[in-house]
Amino acid sequence: MIDPRPEVIGRRLAPVRRIVAFSSAKGGVGKSVCSVLSALALRRAGRRVGLLDLDFQGASLHLLLGAELAFPEEKGGIRPLRARESLDFMSFAAFSRESAVPLRGAEVTEALLEMLAVTIWEPLDFLLLDMPPGIGDELLDVLRLLPRTEFVVVATPSALALQVVERLLALLEELRLPVRGLIENMARTAGAGAGGAAVAAAAERHRLPVLGSVPYLPEIEVLLASPDPLAGELGLPFHRIADSLISYSSPA
């Protein structure tokens with residue numbers, strides 16, 4: 001029997017102009033922080049934005065958004081939850097709460113299919129995906145189910161992290177998928193857009209721009225919990241990242 005959910009997913013996401021996945025093959029590089037703050041910056045720029053947490057085992061968007069989890073409203077599907085800046089977001093944590101979610105193989109695909117098929121999104125300019133680390137089932141399923149996805153790759157100046165990130169970039173190049181650029185997170189020197197030498201060199205090798213350079217800030221959790229996390233030094237690179245994403249023409 002043919003699974004109807006991929007067709008349903010296409011209809012659910014028809015009101016979304018652009019889907020952008022924040023990805024990295026390495027864990028701990030700050031994809032979630034970058035996706036949340038980029039979403040807030042896009043909202044400040046007047047765009048309609050949604051966030052989808054696809055890290056089933058380590059869902060954290062709700063924590064970064066300071067949003068309380070509640071079971072989503074059901075009416076012909078489920079409605080995303082609402083967070084600060086009128087951001088709509090959906091997370092598997094709305095169902096699992098604080099419980100561990102030990103998924104493997106086909107179970108990951110089933111969870112992703114179900115969440116994409118039942119979630120009803122309002123018209124959006126951007127739907128940002130917070131991807132889990134690694135090149136595994138979630139990434140491969142996104143490539144199959146959401147073929148118009150664009151990618152932003154998050155890296156740190158760490159040589160170890162960059163080596164793993166470059167494997168992901170090589171895969172995306174091989175598959176001829178659109179990568180909009182790299183974000184350097186936890187940069188050793190401040191300065192929006194400066195780009196560390198190692199990250200800049202990786203971007204040049206793959207003919208990609210560095211969309212922004214986010215300084216290492218030990219007080220990051222305090223800043224994220226503040227009424228305006230985009231104020232001051234933390235906000236500057238994300239306004240630049242938002243402007244760069246907006247400047248790209250919508251994919252055909």
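No value in this document is a laboratory result; all are computed from the given coordinates. These numbers were taken from a predicted model, which means no experiment stands behind them. Neighbour counts run over all protein chains shown; Cβ positions are idealised from the backbone, glycine included.
Data for the structure
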{"quantity": "Order of LYS75, LYS26, LYS31 - criterion: other Cβ atoms within 10 Å of each residue's Cβ, fewest first", "calculated": "LYS75, LYS26, LYS31"}
{"quantity": "Equivalent ellipsoid, region 99-142 (semi-axes from 5 times Cα gyration tensor eigenvalues, Å)", "calculated": "21, 13, 10"}
{"quantity": "Rounded FRET efficiency, nearest 0.05, which uses the C-beta distance separating MET1 from TYR248 and R0 of 41 Å", "calculated": "0.55"}
{"quantity": "Gyration tensor verdict on region 1-128 (Cα atoms; rounded if a/c is under 1.5, prolate if a/b is larger than b/c, oblate otherwise)", "calculated": "rounded"}
{"quantity": "Segment ALA106-ARG84, length gained on full extension (0.36 nm per residue, minus Cα span)", "calculated": "4.5 nm"}
{"quantity": "Cut-off under 5 Å, modelled amide H: who pairs with VAL16 long-range", "calculated": "LEU124"}
{"quantity": "Spin-label proximity, GLU233 to region 137-179 - amide N less than 17 Å from point 7 Å beyond Cα toward beta carbon", "calculated": "157"}
{"quantity": "Dipole moment magnitude, nearest 20 debye, region 123-252 about Cα centre, only Lys, Arg, Asp, Glu C-beta charged", "calculated": "440"}
{"quantity": "Sorted by Cβ neighbour density within 10 Å, fewest at the top, the residues ASP243, ASP3", "calculated": "ASP3, ASP243"}
{"quantity": "Whole-Hz couplings from phi, Karplus 6.51/-1.76/1.60, listed for region 66-77; x for Gly and Pro", "calculated": "x, 9, 7, 7, 9, 5, x, 5, 10, 6, x, x"}
{"quantity": "Calculated log10 I(q)/I(0) by the Debye sum over Cα atoms at q = 0.12, 0.17 Å⁻¹ (choose from [x] -0.65, -1.40; [y] -0.76, -1.21; [z] -0.74, -1.45), label", "calculated": "[x]"}
{"quantity": "Net charge dipole size for the chain [Lys, Arg +1 and Asp, Glu -1 on Cβ; Debye, nearest 20]", "calculated": "640"}
{"quantity": "Paramagnetic label zone (point 7 Å from Cα along Cα-to-C-beta, GLU166; backbone N under 19 Å) in region 115-148", "calculated": "134-135"}
{"quantity": "J(HN,Hα) series, region 150-156, from Karplus relation 6.51 cos²θ - 1.76 cosθ + 1.60, nearest Hz, glycine and proline x", "calculated": "9, 10, 10, 9, 9, 9, 10"}
{"quantity": "Placed amide H near GLY50: partners under 5 Å, 5+ positions off or other chain", "calculated": "PHE126, LEU127, LEU128"}
{"quantity": "Ascending count of other beta-carbon atoms within 10 Å, so fewest first, for ARG148, ARG104", "calculated": "ARG104, ARG148"}
